[in-house]
Each structure stands twice: as C-alpha cells, then as structure tokens.
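Chemist: One structure follows; several queries about it will come next.
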Amino acid sequence: MHQLENLYRQIIMDHYKHPRNKGLKDDPTYQTRRIKNPSCGDDVTIQSKVVNGIVKDVRHDGSGCSICCSSASVLSQRMKDETVDDALALVDDYLTMIINKDKKLNEALDDALAYQGVRDFPARVKCATIAWKAFADTLKKG
Amino acid sequence: MKARKDEFPILTSQRLVYLDTAASSLTPKRVIEKMNEYYGEYPVNVHRGVYALSHRATEQYTNARQTIADFIGAAFEEVVFTRGASSALNLVALTYGAQHLNSGDEVIVSELEHHSHVLPWQQIAKKTGAKLIYVPLAKDGRITVEAFKSVLTDKTKIVALTHVSNVMGYVTPLEEIIPLAHEKGAIVSVDAAQSAPHMPLDVKQLDADFLAFSGHKMCGPTGIGVLYGKRALLEGLEPLEYGGDMNDNVEKDGGTWKDTPYKFETGTPPIAEALGLAEAIHYLSSIGFDTVRAHEHALFKRALAGLRTIPDITVYNPEADTGIVNFNIDGVHPHDAVSFFDEDHVALRAGHHCAQLLIKWLAVPATLRASFYVYNDERDVDTFLDVVRRARDFFKEIGF
Ligand SMILES: Cc1ncc(COP(=O)(O)O)c(C=O)c1O
C-alpha cells in the first residue's frame, strides 16, 4: 500500500489529471509512432519534431491507465530542447531505471524520476515504458 | 461445502487470495503428484514401445481419455486431445468449417465469444465466402433464445457459441438453441472452457456437435485441452495435421489415416498432461459439480451484495449465473486498480479478458474481473471487498 501511495502521490497524478502537450499535430514535419498494448488496452501515440538535431516539440495522445498517460506527458515536457542523441540517452536511462534496480539513477531525468517506483510493480513496467519507447522510435525514424 | 485450501500447495506456501480462476485455476497436490508419477515411474512414449514401461504409460494414457469421455458423457473415440480450448476450437473451424462452408452460407457467433471462438470463424468465412452473423445481445449482455431465432435462417450452417461467458458469467440457453439449429440442419460448436470446470456437463443431453475445453481452467495442467465431436462428424473430417502416429499405412504417394480420435493427434501427445487432466476430473467429481457450482454462485452473491454497499462501483453482470464478477471502480482505470489489489496479495484480472468484442459492447476501456472456485471461501470474498473499499477510497482521495 505504501509503495503505491508513494508512486501516485508524486508527479504522476498531476500529469494524469493535467496532461501537458496533449493532442496530435496534423503536420508532416512531425514523426509519429503509435504503440498499443493489446493485453490491457493502453494505446499511445507520440509525435516529435526535430529541427537541426534538436527536439523542438513532443506531442502525445491516447488512452490508458494513469501510469501510461502521465508518463507520456512527463516525457513531452522533459525532452523539449534536447539533442536527439541526449534524448535517446535519456530514454535509455529511463528504461534502465524502471527495469534494473541496481543501476545508478540519472538525476537529469528530473520529474521522470517519479517512475522509479514502478520497479516495485513489475506488472506495470509496460504501462510506464510504452510512451518512451514510442518516442525513441520517432527519433529513429526522423 | 468447505473450501479446499489445504489441497493446493500454492495456497499453503504463501499469502494469496486467488480470484483469477477464469484465466487459469490453481493446481491441487494430487494432480501434481499424478504428473510426477508419470515422470518418475513410466516416463516413456505411448503407442510405440512394446516393452512393459511403454505398456504402462499407454494404459494410463488410454484410461485418462476414458475418464474424460465418461466425464462429459461421450464415447472414447469422440475425445480428441488438443493443446487447449483454443486449438480445439480452431480445429473445428479449420476442418469442419473449411471442408463444409460455401459462399453465402452463414455462421452464427456472438460478441460474448472469447477471441478463440470468433477469430477462427472470421478467417474461415473470409476464405470460403461465408458470412458471420452476430446474435444481437440483450440489454444485460445475454444471448437469448428469441435473439438467436431472429438470426437463424435456412442459410445458417454453423452456430458457434460459448456455453458460459468468461466475462459476464452468463449461461447460454443451449438446450433450446441447439435443437433449433439442428432443425435448420446447422451444426453447433460449443466453447465449454468456462462451463466444463464449473457445472455438470453431458454432451449427449446437450446434443452439441463439437465442444471444447481446457485442462488448466479445471485444476488440470496447461498444454492440454479436449475437443469433443460426434463420432459421425469426426469420421467424416480430413485431419488438419499429418505425421507420426496418425497414419495407418504410408506409401510413396500417400497414406491412410487411423480412425478418430487418433487421426487428429499426430506426434507425441502431452502424456503427463492427459493424466493430470484426468486426475483433476476425478478430484472435481469427488466434490461434485453441482456442489462446485452452488459454492461459486454463493460466493458471487456475497461479493455482489458487498459491492453494492461501496460507492463508485459499477458491476456489469449483477445477474451472473456462475462465479464471475465483472466490475470497475468508476473513474479508475482497471490497470491502476489492479496494482492496489496486487499489493494486498489479491490476484484478479484487469483488461479485456480476450473478449474485445464484449468490452466494446460494454463501451468501456477494460474491466476488473474476480472469479471464484473450489479453493475460495467467504473470507476471500470479504478480503476482496475490503480491498475494493480501500482501493476506492485511496484513488478518490488522491484525485481520480
Ligand atoms: C470462454 C473461453 N474460451 C476459450 C478460452 C481459451 O482457452 P485456452 O487459452 O486454454 O486455449 C478461454 C480461456 O482463456 C475462455 O475463457
């Protein structure tokens, strides 16, 4: 119970209730990637706009649980103005944080550090990672 | 009846309120021991060796099939072993469906079906030009005889319906539907994955043409299931898979097949699993299927009464006939809710339960499902209700 409380109390509820950068752009300069998790119904679309190797904007839309939706919002804020290389490195650090307890945390993840609690809920790892994986895919496409 | 907790090793070795039987049941000690007996005492192939050990394995394997045949009121030859209900239901579509359907024929299915009883028919319909017709569900999500009559026509060739819905816990009125289908000359495929484990079942009385179920939902192991088919129907079918064991005679340009059930079972079968399933049936029969059913439904009623006292709960199947409760905490995604249950060692299912058509019909993203079995008791239900109450309070408090 405590662990769940810690997990939700932080950034997550704020971004779930008040998502930032939500809604997709009908703009061909954005790269788009949609990922669904058919087993639970999470369905996330991420868009990124890269100009001269810098992530200028990240948009998201979709439906799912609070962990899934809020992590897309946190991602969209955190990645703005990062270089593509730094953004991909941050995605790696985020995925490592959630999957591997023993690795040192990258403090630069900032608000996204809230999701370290997901480690205690292995069944929720997918929820917390699909938006970030979709984002990495958009960068690799672009 | 008294809940049978001490017969299940997983329940004696850890704190667990297990409410996900509709996905897979727990395994009693005697089933585990029966499978160990095979691996410890006669772990050899069946039907092949002419030595004593192989004879013993073959005898056990043969007895297992007879046990299963007796359990559903079928003949030995009418029981085909498969990997599970899904592969049994596919076998019907890929053999009977593929060999009998023509363009313009109609196959009646429903939105209550598990994916494995609708996708195979969709695929076969596409290949043969047959049409899928959905029984319109009643307001509460049931298949009614009236609704079935409204879609039954002279073009109906196959009726593929679930006996018990794995999400709503409704029993389909098959005793009335099957004779109506037969009057039109249609055959009926029954998905019994959620009925065989929970209630008395007699395929002859039901007059089902094909009927499928899985071992792992009825105290048996994974990796084994059963397809029952009327002997005359099975005899008329060309097998789906070819190879060892299923043939009589092999020549350079062809072969001849064994009789049913063997012609449908190429390769080394899941031997320990067959013995395990037969043992599970002995176990459940020793309790009595009427008793099992009454026990589960009493637990359902207790759960429903409790849920009605908790605010912000929607139950989608308050009139369920079996031990399945399908519900949500309003405003809380089931995946958020289920982590709360997990922390309190209450295992239930969140998602679409392999029944996306029904979840779409309900017009929700997903649901929570609790399902009861012989090892659950009133205390489990009360623990469950307590966690629902605390989960609801928690999520509302943090702003859901
Ligand atoms: C109604 C129903 N049909 C079919 C199946 C498929 O069973 P299996 O996964 O054992 O093949 C299930 C279980 O998931 C079910 O509940």
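The values are calculated or read from the model by the stated rules, or taken from the named source; none is laboratory data. Just so you know, these numbers come straight off a predicted model, no measurement behind them. Glycine also receives a Cβ, built like all others from the backbone with ideal geometry; neighbour counts cover every protein chain displayed.
Chemist: Kindly indicate which of A:I67, A:I46, A:I54 is surrounded by 18 or more Cβ atoms within 10 Å (Cβ to Cβ) and more than 14 Å from every other protein chain (Cβ to nearest Cβ). Before you say what the answer is, go through the steps one by one.
Modeler: Values: A:I67 fails: more than 14 Å from every other protein chain (Cβ to nearest Cβ); A:I54 fails: surrounded by 18 or more Cβ atoms within 10 Å (Cβ to Cβ).
Step by step, each of A:I67, A:I46, A:I54 is checked, and only A:I46 is surrounded by 18 or more Cβ atoms within 10 Å (Cβ to Cβ) and more than 14 Å from every other protein chain (Cβ to nearest Cβ).
Chemist: Does at least one position in the stretch B:241-256 carry a residue that is more than 14 Å from chain A (Cβ to nearest Cβ), within 16 Å of the ligand (Cβ to nearest atom) and not in a strand (DSSP E or B)?
Modeler: No, every residue in the stretch B:241-256 fails to be more than 14 Å from chain A (Cβ to nearest Cβ), within 16 Å of the ligand (Cβ to nearest atom) and not in a strand (DSSP E or B).
Chemist: Limited to the stretch B:202-252, what total is found for residues that are within 17 Å of B:T67 (Cβ to Cβ) and either free of Cβ contacts under 8 Å to residues at least 40 places away in the same chain or acidic (D, E) (or both)?
Modeler: Looking only at that region, the number is 1.
Chemist: Would you say B:A125 is outside any loop (DSSP other than H, G, I, E, B) and either at pLDDT 95 or above or within 13 Å of the ligand (Cβ to nearest atom) (or both)?
Modeler: Details: outside any loop (DSSP other than H, G, I, E, B): yes; either at pLDDT 95 or above or within 13 Å of the ligand (Cβ to nearest atom) (or both): yes.
Here the answer is yes, as B:A125 does meet what is asked.
Chemist: Let me confirm something: among B:V190, B:V171, which residue is under 20 Å from B:A98 (Cα atoms) and among the aliphatic types (A, V, I, L, M)? First the steps, then the outcome.
Modeler: Working: B:V171 fails: under 20 Å from B:A98 (Cα atoms).
Going through B:V190, B:V171 in turn, just one is under 20 Å from B:A98 (Cα atoms) and among the aliphatic types (A, V, I, L, M): B:V190.
Chemist: How many residues does the stretch A:15-35 hold that are within 10 Å of chain B (Cβ to nearest Cβ) and buried (at least 17 other Cβ atoms within 10 Å of the Cβ)?
Modeler: Qualifying residue count, the stretch A:15-35: 1.
Chemist: Would you list the helices (runs of 4 or more DSSP H) that sit entirely within the stretch B:290-400 and hold 1 or more residues that are in contact (Cβ under 8 Å) with a residue 24 or more places away in the chain and over 30 Å from A:R9 (Cβ atoms)? Let's see the steps before the verdict.
Modeler: Details: elements: B:334-343, B:356-362, B:378-397.
Hits in the stretch B:290-400: B:356-362, B:378-397.
Chemist: Something else: For the stretch B:1-27, what are the residues that are within 16 Å of B:H198 (Cα to Cα) and not charged (D, E, K, R)?
Modeler: Across the stretch B:1-27, the qualifying residues are B:M1, B:A3, B:L19, B:T21, B:A22, B:A23, B:S24, B:S25, B:L26, B:T27.
Residue-wise test of (1) farther than 28 Å from B:L299 by Cα; (2) in contact with a Phe, Trp or Tyr (Cβ under 8 Å, 6 or more places away or on another chain); (3) among the hydroxyl-bearing types (S, T, Y); (4) not assigned by TED's automatic domain parsing to the domain that holds B:R369.
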position: B:Y134; (1), (2), (3), (4): yes, no, yes, yes
position: B:K139; (1), (2), (3), (4): no, no, no, yes
position: B:V151; (1), (2), (3), (4): yes, yes, no, yes
position: B:H198; (1), (2), (3), (4): no, yes, no, yes
position: B:V203; (1), (2), (3), (4): no, yes, no, yes
position: B:L211; (1), (2), (3), (4): no, yes, no, yes
position: B:G215; (1), (2), (3), (4): no, no, no, yes
position: B:T222; (1), (2), (3), (4): no, no, yes, yes
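Chemist: Report, by residue number, each residue of the stretch B:204-217 that is surrounded by 24 or more Cβ atoms within 10 Å (Cβ to Cβ) and hydrophobic (A, V, I, L, M, F, W, C).
Modeler: Scanning the stretch B:204-217 gives B:A208, B:F210, B:L211, B:A212, B:F213.
Chemist: Being among the charged types (D, E, K, R) and over 17 Å from the mean Cα position of the chain (by Cα) is the filter; apply it to the stretch B:311-364 and report the residue that is nearest to the ligand (Cβ to nearest atom).
Modeler: Looking only at the stretch B:311-364, we keep the residues that are among the charged types (D, E, K, R), and these are B:312, B:319, B:321, B:330, B:336, B:342-344, B:349, B:360.
Going one step further and asking which of them are over 17 Å from the mean Cα position of the chain (by Cα), we end up with B:312, B:319, B:330, B:336, B:342-344, B:360.
Working: B:D312: 28, B:E319: 18, B:D330: 26, B:D336: 24, B:D342: 20, B:E343: 26, B:D344: 25, B:K360: 17 Å.
The extreme case among them is B:K360.
Chemist: On to the next question. Which residue out of A:V118, A:V58, A:V74, A:V51 is in contact with a strand residue (DSSP E or B) (Cβ under 8 Å, 6 or more places away or on another chain) and not charged (D, E, K, R)?
Modeler: Values: A:V118 fails: in contact with a strand residue (DSSP E or B) (Cβ under 8 Å, 6 or more places away or on another chain); A:V74 fails: in contact with a strand residue (DSSP E or B) (Cβ under 8 Å, 6 or more places away or on another chain); A:V51 fails: in contact with a strand residue (DSSP E or B) (Cβ under 8 Å, 6 or more places away or on another chain).
Exactly one of A:V118, A:V58, A:V74, A:V51 is in contact with a strand residue (DSSP E or B) (Cβ under 8 Å, 6 or more places away or on another chain) and not charged (D, E, K, R), namely A:V58.
Results for (1) under 19 Å from the mean Cα position of the chain (by Cα); (2) buried (at least 18 other Cβ atoms within 10 Å of the Cβ), shown as yes or no for each residue.
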| site | (1), (2) |
| --- | --- |
| B:Y61 | no, yes |
| B:D70 | yes, no |
| B:E77 | no, no |
| B:V80 | yes, yes |
| B:G97 | no, yes |
| B:S103 | no, no |
| B:K131 | no, no |
| B:I143 | yes, yes |
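Chemist: Okay, next question. Go through (1) under 21 Å from the mean Cα position of the chain (by Cα); (2) within 10 Å of chain A (Cβ to nearest Cβ); (3) at pLDDT 95 or above for B:A391 and report which single condition fails.
Modeler: (1)
Chemist: Wholly within the stretch B:4-106, which helices (runs of 4 or more DSSP H) include no fewer than the required count, namely at least 2 residues that are hydroxyl-bearing (S, T, Y) and within 16 Å of the ligand (Cβ to nearest atom)?
Modeler: Values: elements: B:9-13, B:29-41, B:52-72, B:85-92.
The qualifying helices (runs of 4 or more DSSP H) are B:85-92.
Chemist: Hey, among the residues in the stretch B:358-368 that are farther than 16 Å from B:V325 by Cα and not aromatic (F, W, Y), which one's nearest to the other protein chains (Cβ to nearest Cβ)? Spell out how you get there, then give the answer.
Modeler: We begin by selecting, within the stretch B:358-368, every residue farther than 16 Å from B:V325 by Cα; these are B:360-361, B:363, B:365.
So of that shortlist, the ones also not aromatic (F, W, Y) come out as B:360, B:363, B:365.
Details: B:K360: 11, B:A363: 13, B:P365: 5 Å.
My answer is B:P365.
Chemist: Go through the stretch B:322-357 and give me each residue that's away from chain A (no Cβ under 13 Å) and buried (at least 21 other Cβ atoms within 10 Å of the Cβ). Lay out the reasoning, then the answer.
Modeler: As a first pass, look at the stretch B:322-357 and keep what is away from chain A (no Cβ under 13 Å): B:322-327, B:330, B:357.
Passing the criteria: B:T322, B:G323, B:I324, B:V325, B:N326, B:F327.
Chemist: Also, quick follow-up: I'm told A:P38 meets every condition in (1) within 14 Å of chain B (Cβ to nearest Cβ); (2) touching an Asp or Glu at 6+ places or on another chain (Cβ under 8 Å) except one. Can you identify the failing condition by its number?
Modeler: That leaves (2) as the condition not met.
Chemist: Looking at the stretch A:105-137, which of its residues are outside any helix (DSSP H, G or I) and touching a residue at least 60 places away in the same chain (Cβ under 8 Å)? Before you say what the answer is, go through the steps one by one.
Modeler: First, the residues of the stretch A:105-137 that are outside any helix (DSSP H, G or I): A:105-106, A:121.
Passing the criteria: only A:F121.
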